[in-house]
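Step one of this worksheet: look at the structure below.
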Amino acid sequence: MALEPLPPAGAPAGLPENAFRPLAPGEAYQPVVPAGAAPPEVTVRSVLQGVLWSVVFSAAATYIALKLGQGIESAIPIAILAVGVSTLLARAARGRASSLLENVNVLAVGATSGIVAGGSVFTMPAIYVLGLEGRSGFLQIFLVPLLGAVLGVFLLAPFRRYFTRELHGRLPFPEARATTEILVAGNRGGESALVLTWSAATAAVFDFVGPTMKGFADTFSTAAIGALSGFTERTKAVFSMNTSAAIFGLGYIMGLDYAAIILAGSLVSFLVLVPLLGWLGPHVAGAVPPAAVPLAAMPHDALFAAYVRPIGIGGIFAAGLLSILKMSPVIVRAGRQAVAEVVRLARGGGAAGVEERTDRALPMALVVAGVAATGAAILAYFRLSVLAGEPGATGMALLATGLTLAISFLFAAVSAWAIAMISITPISGMTLTTLIVTAVALSALGLTGERGMLQTLLIGGVVCTALSMSGSLVTQYQIGRWLGATPRTIEIANLLGSVVASAATTAVILLMAKVYGFAPDAAHPTPLPAPQPNAMAAVLRGVMGAGGAPWFLYAVGGVFAVAVELCGVSGLAFALGMYLPMDLNSPLVLGALAAWLLRRSSKDAATSAARHERGTLIASGFIAGGALVGVLAALLKFVEDSIGVAFVPDLTRLPGLGPVLQAWSNWLGLAAFLLLGAWVYWVSRRAAPAPPAA
Amino acid sequence: MDAPTVTSLPENAYLPLPPGEAYRPIVPATEAPPESTFRAVAWGVAFCALFTAASAYSGLKVGQVMEAAIPISILAIGMGRLFKRRSTLLENVIITGIGGNSGAVVAGAAFTLPALYILKLDPHPWQTIFICLAGGALGVLFLIPLRRYFVRETHGQFPYPEATAITEVLVTGEKGGDQARLLLQATGIAAAYDFLVTTFQAWKETIDLRFVPAVEALAQKAKMTLSFDALGFILGLGYVMGLRSSLLLCAGGVLSNLVLVPLIWFVGSHVPEAVYPGAQAIGAMDASQIFRGYVRLIGVGAIATAGIFGILKSLRIVVGSFSIAVRAFRSGGEHGLERTDRDVSVMTILAGVVVSALAVAAFLGDLAGLGAVLAIGLLLVLLFSFFFTSVAANAIATTARNPVSGMTMLTVIVSSVVLLEFGLSGRTGMFFVMAIAGMVCTALSVSGQTVTDLKVGYWLGSTPRAQERMKFLGVLVAAVVVGLTIVLLARTFQFGEAAPGDPRAVLASPQASLMKALVEGFMSRQPVPVLLFAVGAVIAVVMEMLQVPALTFALGMYLPLELNSPALVGGFIAHFLQRRSEAAGGEAGRSMRERGVVVASGLLAGGALGGVFGAALRTVPGFSEGWVRTPFYDVDWISQSVSLAGFTALCAYLWLASVRQARPAARAP
């Protein structure tokens, strides 16, 4: 974490030379749009676009996080799309091209989506996992991320100058840099947006024809191969692979190292632990808790769900805590600096001289009032809604609000730091820590059981969203700083974005809860995996709920994650891999492999980079398109179930072709998926490097 | 002739070389001081014979084979001073190389040959000698082509703990002065401590903290046990291995002992009957029984699979090594290569393999007649020896430990199953399988010892060809001595368990008893626990996927946890000392690093010496561990606390002695 000046390597064309290096004393940074100029910034088109992308990417991010436990990148695709729309308006509609600052505004409204989705999806579905949905509703699930996001904006606002002005050129800001480069290099953006659009459409068709219209199997599995049935029966060892374009894209973006860790986790679950259980199974007469049937009677996926999944949960939990432990120097440092900065601001050290446009933010008084108002809202909400009728409710609500504010403040600073340094922040680890601290504190006050769990989850949700928000906001501040946007506009745009994103995310969560569920029960035999919520639920059930948690398996999983960390491998990725079903993990490696091959496809570094970049665009399109179709499929299913009429065509019912599709669906799925991968490789290979700028 | 002025090892001795940089040994390739002199060979042979006999007895009695090479290197230094002309560094390497064979050959023999007696197959003395000789020769022959890969090309990538200790002893002993005193001090401390703890009942050697009620509950209810073998030897080993390797080793141990054992118990405790290959119900087993019964087999599968990956990785360089040799052969001699890179010629290796193969064929043919069985047996011997050579070299280079019993077990199982298919069974079959296992086992342990030896030579500047030739001599001497010793012991004692009506005293020979049980079982068509091996194989594949050295991890899974956990402490000390020395920088930092390695090597050497003393003392009639016994030995909490305090003191010593700066006067060149 040294504050070494970064080498000024590769400053993109269009940005001043001193954008990426520390300034000499007395030197000032002149942004691309100078403070004196005031091009259109907040316009109808920028706000409309921002809202549209916010809805689209909230839905996609929510779906991917529930299905795969991964967050997705929304800032970069939104930047590409904003540039693309601008080009479209200028050329096709003969209108005005959007200004640079309008595009920053689109980004500021839209990019909130990924953040709010992350904060909400990691915690809120746990309400369903714990069976507390009777005590909750749309308004609650909507309010939590909203309050968190607003809190995040207000908590980070005082630190803007510190991060972007005083540390100018000393923090790498990888994500902000990539996004800025796209916005500045607008001329090539039109083409990129086109690639993004058609790849999203391709993925949408692919992921709709397969799983929804049953054109081919959505999962290739060795268990479905007749010749292997004896082997499967005897060893319970199964290899399976989902054939989804979205997951392929995710793997591409993720890269081979990370994808390999996740798949390794799956291999351990499905080819080591499940076969071991299968081997002991025939000797056991009765049922071994937590399962209710004897082992010998369970197929491989039931063994996985009953015994191996809790091991994965224990692993996710332990790895989350370890990630906090590893971050502890940053936490201490960030906390210390945050306090010092607050003290300085309180002494009136902030406002100096006349404000330029590019330094004009929400007034400090308003920020303080905002924090106070949010705090009051949280307090009122806890006291009057969640804890109503509880003995000692006022004290508990006060404690809960205090905890929320204190933890949010600390973690918001940490998260901003982490994003600025490495563009990753250990969200799930920080959220788990929050849950534990809160649960222990509330239990000590005597609040346990369902109310306690719900209360803790809501606090966790607020903190989780607040800290992801601050990470995203710091990125946008930096983009604005480089390009010359007005900070106040960015702040307001983020507040607006939070409302839109919270609503969209909550809608998708409720839809998914209705159609698929997040934990297996009678109505939902094959739920969405939702790894983080299940881990959070397990913790809460352990600390506050009645007994019956498979403690032993959790503990074993925790030890496993420690062993993996000892090897110098990310325990969180590995445990996530252990928890998720193998079919969702194996396609990641195929996508990552395509990226790896493209990166090495040519001896010329520029050509390889251009090919890899084209692939990245296609992959981003795949994620968005595939995820949106996933949401659409859920929506269609919901409508079908509601009105009792099936209107989505089922290809296996076709006369003549249907039985063939059904018989060969396993192999067809594999073939279609491999063809898709080969196609991505082929299309990307034809990309050429950009001609050198004159 | 004056001994050349000996300096320290070059700075890059323990570091990977940047491209273009070459490692220059202490004795440069251009010089050729006396190496395989009469004196060196004679002393080597004498030490070899002595240590072989002692080691064989101790191995059969308590299952512990002496660590011979390090003590012999110390003896060589001492002996060298008695002569008018002090022995050269390279002569000492030859003495250590010949002598070091003793432990290796004995390990091979003690694991397998007594099983022949337990099975009442009564081998002829020439048969026991031949098994050791053939195995040892194959081990050396197969390792020579791997030398360039393991010793030269991967310089700085493997820690080579045992070779480091030997090299430090030889160099420091030769150099004398301040560092020699330090080495002697560390050796003395570890020798005294380890001797006291392992030989007598002063206090507990192993710390498991089970006197704490919570820990005991965890061990009882979850079968999660942590144990810690508090010895100076393992501390020094961990230091030399470094943090990364000791972390991996520990991670493997954690997976075995704290994940797999509890998991098997979790389900297995509901099983009323015994689950094969265990002999009793899992619910009635304790953690270490579950580990030995099931989890170790998973480790064996992982080691074997990791070995295959290892072969694939070294293949390119091995082939390159052969092509260099062939080219050199065509152009007449190896004059193109420097002295320190010259091996026994490739034709000699090939001829050696052919002769060994013919001899093995004749031997096996004598047992089972001509035919398919003979061909298969021969093939098994060659394949397994070749395959395990790379495993042994890699394992020794990383962790100084050789998975001898696991690999022998694998050999016994595979050979039994394959040969049964070809109609071999009964007493002949058992003899046949045990002979194969004996040869493979000896080849494995000899090749591990040889790679250590060649690395020492590489650091110091020996001629590989001279070392390799002497290796064969060492194998011959050790094989004859161990073969005769076992025959002799078999006359006066009985091995394994006391047979009814046999009044002779019993030598337990624990490993051989295990092998005997295996061969009996599998020759009577017992099912093979394929699933456990396969699961281990998957784990090795997963580790390769994670770009983690799979063999080190697999060894960690296979070795008992108590041998791995103290190494981690040593690894951490090495890590922090490295950081400290970097902070100090310059000459002070360099001195810290040097002293650290010297002290750690001293602890290793001392631990080995202590073990040898202990083994020697055990041969005294009427020996009892209770000769030295503290009143609190059986009071666990005191006994283990004392042990913990002792180990902490050793750690503190290692740290302080390394950090302390040498007196300025002693540092003058």
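Computed from the coordinates by the stated procedures, all read-outs in this text should not be read as laboratory data. Remember, it's a predicted structure, so these values are computed and weren't measured experimentally. Cβ atoms come from the backbone with ideal geometry, glycine included; neighbour counts cover every protein chain shown.
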Problem set entry | Within straight-line cross-link reach of B:K84, lysines at Cα separation under 25 Å, skipping those fewer than 8 residues along the same chain | B:K175
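List every DSSP H helix in chain B whose Cα atoms extend 15 Å or more along the helix's own long axis and whose mean Kyte-Doolittle hydropathy is at least 1.6.
Values: long enough: B:38-62 (35 Å, 1.20); B:69-80 (16 Å, 2.01); B:89-118 (44 Å, 1.33); B:125-143 (28 Å, 1.69); B:161-175 (21 Å, 0.12); B:177-199 (32 Å, 0.57); B:243-254 (16 Å, 1.40); B:296-330 (48 Å, 1.30); B:346-368 (32 Å, 2.19); B:372-399 (39 Å, 2.10); B:404-421 (26 Å, 1.83); B:426-460 (51 Å, 0.92); B:464-492 (41 Å, 1.12); B:510-523 (20 Å, 0.59); B:530-545 (22 Å, 2.58); B:561-584 (35 Å, 0.27); B:586-618 (48 Å, 0.52); B:636-659 (34 Å, 1.09).
Those that clear 15 Å and a mean of 1.6 are B:69-80, B:125-143, B:346-368, B:372-399, B:404-421, B:530-545.
To one decimal place, what Kirkwood hydrodynamic radius in Å is obtained for the range B:524-598 from all pairs of distinct Cα atoms? Kindly include the intermediate steps, with their values, before the conclusion.
Working: mean 1/r = 0.0638 Å⁻¹.
About 15.7 Å, per the Kirkwood formula over Cα pairs.
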Seminar exercise, completed: Taking B:C132, B:C651, A:C567 and counting other beta carbon atoms within 10 angstrom, the fewest-first order is B:C651, A:C567, B:C132
Exercise. Using modelled amide H (1.01 Å from N, peptide plane; none on Pro or chain starts), what sits under 5 Å from the amide H of B:Q494, excluding residues fewer than 5 places away?
Worked result: B:A505, B:V506, B:L507
Problem set entry | For the range B:22-67 versus the range A:292-337, the gap between their alpha-carbon centres in whole angstrom | 51
Exercise. Rg and Dmax of the range B:209-309, Cα atoms, in Å?
Worked result: 15.5, 46
For this session: Enter the mean projected area of the convex hull around the alpha-carbon atoms of the range A:350-475, in nm², rounded to one decimal.
Result: 8.8
Exercise. Here are some pairs, B:K61/B:K120; A:K67/A:K214; A:K67/A:K514; B:K204/B:K516; A:K514/A:K637; B:K120/B:K516; which of them have Cα atoms lying more than 21 Å apart in this structure?
Worked result: B:K204/B:K516
For this session: Would you please give the residues with an amide H less than 5 Å from that of B:V27, counting only those at least 5 places away or on a separate chain, with H modeled from the backbone geometry?
Result: B:G461
For this session: Hey, can you grab everything whose amide H is under 5 Å from the amide H of A:T243? Only 5+ residues off in sequence or another chain; H modelled, so Pro and N-termini drop out.
Result: A:T219, A:F220
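Using packing as a proxy for protection, rank B:237-243, B:284-290, A:604-610 so that the peptide with the highest average count of other Cβ atoms within 10 Å comes first. Write out the running numbers ahead of the final one.
Values: B:237-243: 26.4, B:284-290: 17.9, A:604-610: 14.1.
Going from most to least packed, we get B:237-243, B:284-290, A:604-610.
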For this session: On a C-alpha basis, how far is the centre of the range B:76-97 from the centre of the range A:464-530 in Å? Whole number, if you could?
Result: 75
Exercise. Which lysines have a Cα lying under 21 Å from the Cα of B:K471, excluding residues fewer than 8 positions away in the same chain?
Worked result: B:K455
For this session: Go ahead and estimate [θ] at 222 nm for the protein assembly as shown from helices alone: -39,500 (n - 2.57) per DSSP H run with n ≥ 4, summed, over the residue count, rounded to 500.
Result: -22500 deg cm²/dmol
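Which whole number gives the average count of other chain Cβ atoms within 10 Å of the Cβ atoms across peptide A:283-295? Provide the component values of the computation, followed by the final result.
Numbers: counts 11, 7, 4, 2, 1, 6, 2, 0, 0, 0, 0, 1, 2.
That works out to 3 on average.
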Exercise. Convex hull over the Cα atoms of the range A:220-271, averaged projected area in nm²?
Worked result: 4.0
Exercise. Dimensions of the range A:547-694 along principal axes (Cα, Å, largest first)?
Worked result: 62, 52, 30
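Can you give the translational diffusion coefficient of the range A:527-631 in µm²/s, computed by Stokes-Einstein from the Kirkwood radius over Cα pairs at 20 °C and 1.002 mPa s?
Numbers: Rh = 17.1 Å.
Once the numbers are plugged in, D ends up at 125 µm²/s.
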Exercise. Computed on alpha carbon atoms, what radius of gyration and Dmax characterise the range B:33-105, expressed in Å?
Worked result: 12.6, 42
Exercise. What base-10 log of the normalised intensity I(q)/I(0) is obtained for the range B:423-511 from the Debye formula, alpha carbons as equal point scatterers, at q = 0.15, 0.25, 0.26 Å⁻¹?
Worked result: -0.81, -1.25, -1.27
Exercise. Along the principal axes of its C-alpha atoms, what lengths does the range B:147-280 span, in descending order and rounded to whole Å?
Worked result: 64, 43, 25
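Would you kindly calculate the translational diffusion coefficient of the range A:295-379, applying Stokes-Einstein with the Kirkwood radius from alpha carbon pairs, for 10 °C and a viscosity of 1.306 mPa s, and quote it in µm² s⁻¹ without decimals?
Working: Rh = 18.2 Å.
In µm²/s, the coefficient rounds to 87.
Which whole number gives the average, over all residues in A:232-242, of C-beta atoms from other chains lying within 10 Å of the residue C-beta? Kindly include the intermediate steps, with their values, before the conclusion.
Values: counts 0, 0, 1, 4, 1, 4, 0, 0, 0, 0, 0.
Per residue, the number of nearby Cβ atoms from other chains is 1 on average.
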For this session: Please report the base-10 log of the normalised intensity I(q)/I(0) for chain B, using a Debye sum with one equal scatterer per alpha carbon and no solvent, at each q in 0.10 (1/Å).
Result: -0.93
For this session: Just tell me which aspartates and glutamates come within less than 18 Å, Cα to Cα, of A:K236; anything on the same chain fewer than 8 places away is out.
Result: A:D301, A:D583
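Let me make sure I get this right: for the range B:106-188, a, b and c are the square roots of the gyration tensor eigenvalues over alpha carbons, sorted descending. Under 1.5 in a/c it's rounded, otherwise prolate if a/b > b/c, else oblate. Which is it? Walk me through the numbers before you get to the answer.
Working: a/c = 3.52, a/b = 1.81, b/c = 1.95.
Note, shape of the range B:106-188 comes out oblate.
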Seminar exercise, completed: Taking every residue of A:265-271, the Cβ atoms of other protein chains inside 10 Å of its Cβ average out to 3
Exercise. In cubic angstrom, how much convex hull volume per residue do the alpha carbon atoms of the range B:1-155 span?
Worked result: 150
Seminar exercise, completed: From fewest to most C-beta neighbours within 10 Å, the residues B:K84, A:K603, B:K313 line up as B:K84, A:K603, B:K313
Exercise. Using every alpha carbon pair in the range A:56-134, what percent of pairs falls into each 5 Å bin from 0 up to the bin containing the largest distance?
Worked result: 3, 15, 19, 16, 14, 11, 8, 6, 4, 2, 1
Problem set entry | For the range B:535-562 and the range B:257-305, distance of Cα centres in Å | 17
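Mind sorting B:D194, A:D641 by how few other Cβ atoms lie within 10 Å of their own Cβ, fewest first? Don't skip to the end; give the middle numbers.
Working: B:D194 27, A:D641 12.
Arranged by neighbour count, lowest to highest, B:D194, A:D641 become A:D641, B:D194.
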Problem set entry | log10 of Debye I(q)/I(0), alpha-carbon scatterers only, for the protein assembly as shown at 0.04 Å⁻¹ | -0.29
Seminar exercise, completed: Taking every alpha carbon pair in the range B:459-611 and sorting the distances into 10 angstrom bins from 0 up to the bin holding the longest one, the percent per bin comes out as 8, 15, 23, 30, 16, 6, 1, 0
For this session: For chain A, just list the percent of Cα-Cα distances falling in each 10 Å bin from zero outward, please.
Result: 3, 15, 25, 27, 19, 9, 3, 0, 0
For this session: Rounded to whole Å and sorted largest first, list the principal axis extents of the Cα atoms in the range B:369-459.
Result: 50, 22, 16
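Using the Kirkwood formula over every pair of different C-alpha atoms, what hydrodynamic radius in Å results for the range A:284-433? Intermediate values should be presented prior to the final figure.
Working: mean 1/r = 0.0502 Å⁻¹.
Evaluated on the range A:284-433, it is 19.9 Å.
Please state, rounded to one decimal and in Å, the Kirkwood hydrodynamic radius that the range B:562-644 gives when every pair of distinct Cα atoms enters the mean of 1/r. Spell out each step's value before the answer.
Values: mean 1/r = 0.0621 Å⁻¹.
With all distinct Cα pairs of the range B:562-644 included, I get 16.1 Å.
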Seminar exercise, completed: Full extension between B:Q280 and B:V659 adds, at 0.36 nm per residue less the Cα distance, a length in nm of 131.2 nm
For this session: Could you point to the residue in B:L50, A:V343, A:P25 farthest towards the positive end of the protein assembly as shown's charge dipole, with +1 and -1 charges on the Cβ of Lys/Arg and Asp/Glu respectively?
Result: A:P25
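With a 10 Å radius around each residue's Cβ, average the other Cβ atoms per peptide and rank A:236-244, A:463-471, A:436-444, highest first.
Values: A:236-244: 23.9, A:463-471: 32.0, A:436-444: 18.0.
Ranking the peptides A:236-244, A:463-471, A:436-444 by packing returns A:463-471, A:236-244, A:436-444.
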